[in-house]
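Only one structure is covered here, and it is reproduced in the block below.
The values are calculated or read from the model by the stated rules, or taken from the named source; none is laboratory data. Model, not experiment: these values are computed from the prediction. Every residue, glycine among them, receives a Cβ derived from its backbone with ideal geometry; neighbour counts consider all protein chains shown.
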C-alpha cells in the first residue's frame, strides 16, 4: 500500500486539487540534469493547464494522442476528424466499441476521454481540416497530427508555414507529426519556416509506384495486376453507371470475381478476397502497439515542448525526426532532417527546386508523372511558366483553352533552366521548379 | 457471366475486426495469440504493464491475469487510463482488469489481489500462464523466483522499468528460441541463383533469348531480365575463360555491356527490361552463400544431434543442413520478383523456379522422414512446416535466451561472457548502456531500502523532496560501483577521459531517475508498453525477430538501444 501512504503527503507547491497529479508534479516541480534553467520554472503547472492544443485525426494515432495529452495534464484539447467508425477500427482504436460503429470518431473519442479523465475539456470538430481557416489554427499553442494521408499533412504544413508573421512570435505553431505502417513508424517535430518541414521531407515518404496501364490491360503477371484491372478497367466498362463504393461488400465481391476470372485466363495464382480488398482500398496494416509507440513519442515531445521539463526534438540545429522499426528487433534512428533551401513551401523563395524532365515526353505524360514522383506527389497540377499557362485544370474554361498543349512534347513547351510554377487545389501554396532535362 | 465462381462468403466478423493485423501475422499468428494466457505482476504506479496489456487485449490474446495488491488512490487517476473516480479505495487489479476487458469482448480477464510475496509462495501458482510480465519495483527474491520458473518450464519472462523519462525491459526467452517466419524485408529476399543456374533455368533463358538481335522491337523489349542476365553471362563466360564477373570492376564492365545492348531507337528511347537487368547486377550476381547466422544454426548441438524429443525445428534444420553440405546452397525459395515481361513468359519463368523449389523441398522432406524413422519419432512433421522452412531458409533466426539480471541486496552483479562487449559498448559515444546501469543501481537501492522499519514495501529513491540529494548520491555511487565492477570483470582499460565522461553520464542518468521519485510519466509508459507489446506479439506468434535481450528507451533524446546482457 505504498501508493496510499505516499498520496497523503503534501506535494511541494501544489494545492489539494493537484493530488491526482502527484507523479506528473514530481517532474514539473523538480529540475533535472538536462533541463534548461533559463526555460524551466518549477511548479509552472499553467504551462500545460492553459495550453490550447489541437489534435488532427481521431483514428489509431488520434485515440492514443487524446488519452496521452489528457494524462499529461493538458486541459484544453481540440480534435478534428471527418471519419466515422468502422468495424475494422476496433482492433486498435480503443476509445470505440462495437456499438459506436457509424458514429463520428472525433465526437465519440472526445466524449470518452472527457468522461474517463476528469477536468479535461475536449472540443471535437467532425469535418475536414480544409473547412477551417488561419484564424482557427491561430488559437492553438501547438498541433499534433495523427493522420494516414500525406495530402492532409501537406495541407496543414503549408497552412502553418503561410501563417508565419516574422514580427509576431505567436504565429509560430509547432507541428508534431506521427505516422505508422505495420511494425514501423515515425515521429517528427517541425517549427514552420525554422526547421525542415513536411514538404522538405516529402521524398522520405514516396508513394508506391503505380503499375503501368498497359501492363494491366495486356500483360498482367501478378494477382495484384488482375485486381487493378478489375478496379480500373472492368468496372468502368461494365458498371460505369454505379459509383464504386469500396466499403460495399457486393462491389468488392464483384471486383474479386472479375479479378479471379482474369487471373485464371492468364494462369496467375494468388487472387483472394482479402487481397482484393487490400489493393482496392490501399489498406495499410495497422496495430495498436505501433500506434501506441508513435503517438506517445509525439505526446512526449508535446509535453516537453510545453513545459521545458527536458529538451525536445525539433529545436533548430538539433534532432527533429525519430524513425522507429520494430519488425527486426527494435531499432530507432533519431536525426536532424535538414531544411531545404529549395523547398517549395518553406524555402526562402530564392531557389526553385530542380526537377528532372524528359524532353521527349508529352505534357500529358509529365502531368501524370507528377502524381508519382516522390518529390512532387501532385495529383491535379496546374502548370505555368513565366510567360504562359501550359495546362490549367482548376477552372473548366482554362482547362479547355490549355488542353491542346497536352499532346505537345516538353522540349517544345519549356527550355532547360526555365522555371515552372505548379499549383494544386489540394495545397494552399505554389510549387516552384526549375526544369532540368533528363539525360 | 455463367462461368463466374459461386458468390464468396466474404470475410467473417472476426476477420473484419482483425483485418489490419491479419495482414501482418496471418491466421496462424492470430491462433497463437488466442491460445496465450499472459500474467502481469503489477507494481509501482502500474501504468506500463497495463498499457502493454491494452495493446494485447485489442488484437485478441486469449487470457490475461493481473496480480496487483494496490488499492486505487487519487494519484492513480492522473496517470492510469484504466481507472475512474468511482474506483477510489477499491482494488487496482480488479478495476483495471474490468476496464481492459471492455476493449475486446473476446478476451478473458482475471485478477489477483493477494500480495505477491505470499501469492508466489503457493505451489504451482504460475502454472496456468504461458507468458509473464513483471513490472518494477519488485523484490529481488521474487524476481529470482520468476526467473527460475521461466527457466524450468520455458515460459517467456519480461521485466519492465518505466521511471520518469527512461524505460528499460529485459527479455528472458528459452535457451533456444527459433523463428522461421521472420518476415524479411522484400529487398533482401530475392534469391535468383543466377551464378548457380540449373539446367531448366538455362534452357528457359536460351529459348527466350534465341535470335535476340533479330527480334522485333516489341519482343526485344519484353524478354524477362533474368533471361537477359543469363544470356549475357554466357557470352561473358565465353570471353573470360568460363569465369563469371566477380570483382566490382568486372561487374561494372558487365553492366556496361547490358546498357549498350539495350535498343534506343524506339519511341521510349530505351528498354525497361534492360534497365531492370542493369539495376540488379551488383546485387544479384553474388554466390548464394547463407549468412553466418544460418550456418551457425547448422552447427548448433541441437541440430547436430537430433533425437526423439527434438523440436521439429531442429529436425528440419538438420535436413536442410544435409542439403547444404551436399550442394553448397540452400533450397531454392521459389519466388520471382515482378519484371517487365509478357504474361505467359513470366508465368513460365515463375514455374521454372517453383518446380525447382518443389524438387528441393522433396529432397529435404525425404531427409526429414528418414530422420523421423531413425529417431523413432511418433507424429510426422507437417509438410507445410518443412515447406515454410525451405522458403525462408536464408532468413531463419535463432535467439539464445538467457536469464535476466536480478540485482540482489548482498552480492555483486556479474556479466559473464558478455562483460567484454558490455564494457566496450558502455564507452561508445551516445551509448545508452549508462542508463541500463542507472536502472541496475535503482534496483539495488530498492533491494536495500525499506519504506519503514517493518519491511513491507520498498523505499523508492526520490520519493520525498527531503531525501532527493541523499538518494541521488546513493544511486549514483551504487551505479559507479556497478560500472567499475564491469570494467574490472572485463579486464578493460578504458581511456581515462572517456571513462570520466561515462561516469558523468551515469551520474546524470541516476539523477534524472531519482528526480522522478518512482513516478511513471504516462507518455513514457505508453511508449514502452507499445514496444513491449510488439515484442510479446513477436514471441507468441513466433514471427518477426524479437529483441535479444535488453532494450533501453531514452525519452529525453528519443532514442532506443538494444544490448545483449
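What the table below lists for this structure:
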| read-out | value |
| --- | --- |
| Count of residues meeting criterion [at the interface with another protein chain (Cβ under 8 Å from one of its Cβ atoms), part of a strand (DSSP E or B) and touching a helix residue (DSSP H, G or I) at 6+ places or on another chain (Cβ under 8 Å)] in the range B:546-565 | 2 |
| Residues being touching a helix residue (DSSP H, G or I) at 6+ places or on another chain (Cβ under 8 Å), over 18 Å from residue A:61 (Cα atoms) and either more than 7 Å from chain A (Cβ to nearest Cβ) or outside any loop (DSSP other than H, G, I, E, B) (or both) - total across the range B:524-545 | 7 |
| Hey, residue A:318 modelled with pLDDT of 90 or more and either in contact with a helix residue (DSSP H, G or I) (Cβ under 6 Å, 6 or more places away or on another chain) or in a loop (DSSP other than H, G, I, E, B) (or both) or not | yes |
| The range B:41-53, residues that are more than 10 Å from chain A (Cβ to nearest Cβ) and closer than 27 Å to residue A:59 by Cβ | B:48, B:49, B:50, B:53 |
| Some residue of the range A:30-44 being in a loop (DSSP other than H, G, I, E, B), within 13 Å of chain B (Cβ to nearest Cβ) and under 28 Å from the mean Cα position of the chain (by Cα) | no |
| The range B:173-226, residues that are within 14 Å of chain A (Cβ to nearest Cβ), farther than 26 Å from residue B:286 by Cβ and not in a helix (DSSP H, G or I) | B:173, B:177, B:221, B:222 |
| Criterion: at pLDDT below 95 and either within 30 Å of residue B:315 (Cα to Cα) or in contact with a strand residue (DSSP E or B) (Cβ under 6 Å, 6 or more places away or on another chain) (or both) - qualifying residue of B:373, B:377, B:400 | B:377 |
| Any chance residue A:378 is away from chain B (no Cβ under 14 Å) and without any contact (Cβ under 8 Å) to a residue 40 or more places away in the chain | no |
| Qualifying residue in the range B:403-419 (condition: surrounded by 21 or more Cβ atoms within 10 Å (Cβ to Cβ) and in a helix (DSSP H, G or I)) | no |
| Residues that are in contact (Cβ under 8 Å) with a residue 12 or more places away in the chain and either within 9 Å of another protein chain (Cβ to nearest Cβ) or closer than 30 Å to residue A:36 by Cα (or both), drawn from the range A:257-266 | A:258, A:260, A:266 |
| Out of B:272, B:235, B:289, B:268, sole residue that is surrounded by 12 or more Cβ atoms within 10 Å (Cβ to Cβ) and under 21 Å from residue B:332 (Cα atoms) | B:289 |
| Selection within the range A:114-124 - touching a strand residue (DSSP E or B) at 6+ places or on another chain (Cβ under 7 Å), surrounded by fewer than 21 Cβ atoms within 10 Å (Cβ to Cβ) and not in a loop (DSSP other than H, G, I, E, B) | A:114, A:121, A:123 |
| Test for residue A:415: is it closer than 25 Å to residue A:198 by Cα, surrounded by fewer than 18 Cβ atoms within 10 Å (Cβ to Cβ) and over 27 Å from the mean Cα position of the chain (by Cα) | no |
| Only one of B:80, B:104, B:63 that is within 24 Å of residue B:164 (Cβ to Cβ) and either in contact with a strand residue (DSSP E or B) (Cβ under 6 Å, 6 or more places away or on another chain) or at the interface with chain A (Cβ under 9 Å from one of its Cβ atoms) (or both) | B:80 |
| When residues of the range A:267-280 are limited to those that are assigned to a helix (DSSP H, G or I) and facing another protein chain (nearest Cβ under 10 Å), the one surrounded by the fewest Cβ atoms within 10 Å (Cβ to Cβ) | A:274 |
| Set A:180, A:193: member being at positive phi, buried (at least 18 other Cβ atoms within 10 Å of the Cβ) and out of contact with any strand residue (DSSP E or B) (no Cβ under 7 Å at 6 or more places or on another chain) | A:193 |
| Meets criteria (over 17 Å from residue A:88 (Cβ atoms), within 7 Å of chain B (Cβ to nearest Cβ) and modelled with pLDDT of 95 or more) for residue A:292 | yes |
| Qualifying residue in the range B:30-48 (condition: farther than 18 Å from residue B:537 by Cβ, out of contact with any strand residue (DSSP E or B) (no Cβ under 6 Å at 6 or more places or on another chain) and not assigned by TED's automatic domain parsing to the domain that holds residue B:542) | no |
| Residues located in the range B:308-354, provided they are in contact with a strand residue (DSSP E or B) (Cβ under 8 Å, 6 or more places away or on another chain) and within 14 Å of chain A (Cβ to nearest Cβ) | none |
| Hits in the range B:443-493 - residues which are under 29 Å from residue B:419 (Cβ atoms), assigned to a loop (DSSP other than H, G, I, E, B) and at pLDDT below 95 | B:449, B:492, B:493 |
| Enumeration of residues in the range A:71-103 that are surrounded by fewer than 21 Cβ atoms within 10 Å (Cβ to Cβ), touching a residue at least 40 places away in the same chain (Cβ under 8 Å) and facing another protein chain (nearest Cβ under 10 Å) | A:86 |
| Some residue of the range B:172-189 being closer than 30 Å to residue B:509 by Cβ and either touching a residue at least 40 places away in the same chain (Cβ under 8 Å) or touching a helix residue (DSSP H, G or I) at 6+ places or on another chain (Cβ under 7 Å) (or both) | yes |
| Residue within the range B:492-499 that is more than 33 Å from the chain's Cα centre (by Cα), surrounded by 17 or more Cβ atoms within 10 Å (Cβ to Cβ) and in contact (Cβ under 8 Å) with a residue 12 or more places away in the chain present | no |
| Verdict on residue A:330 being crowded, with 22+ Cβ neighbours inside 10 Å and assigned by TED's automatic domain parsing to the domain that holds residue A:406 | no |
| Odd one out for residue A:377, checked against (1) under 21 Å from residue A:206 (Cβ atoms); (2) part of a loop (DSSP other than H, G, I, E, B); (3) at pLDDT 95 or above | (3) |
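Each row is one residue, and each column tells you yes or no for (1) surrounded by 19 or more Cβ atoms within 10 Å (Cβ to Cβ); (2) in a helix (DSSP H, G or I); (3) touching a residue at least 12 places away in the same chain (Cβ under 8 Å).
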| position | (1), (2), (3) |
| --- | --- |
| B:310 | no, no, yes |
| B:314 | yes, yes, yes |
| B:332 | yes, no, yes |
| B:353 | yes, yes, yes |
| B:358 | no, yes, yes |
| B:368 | yes, yes, yes |
| B:385 | no, yes, yes |
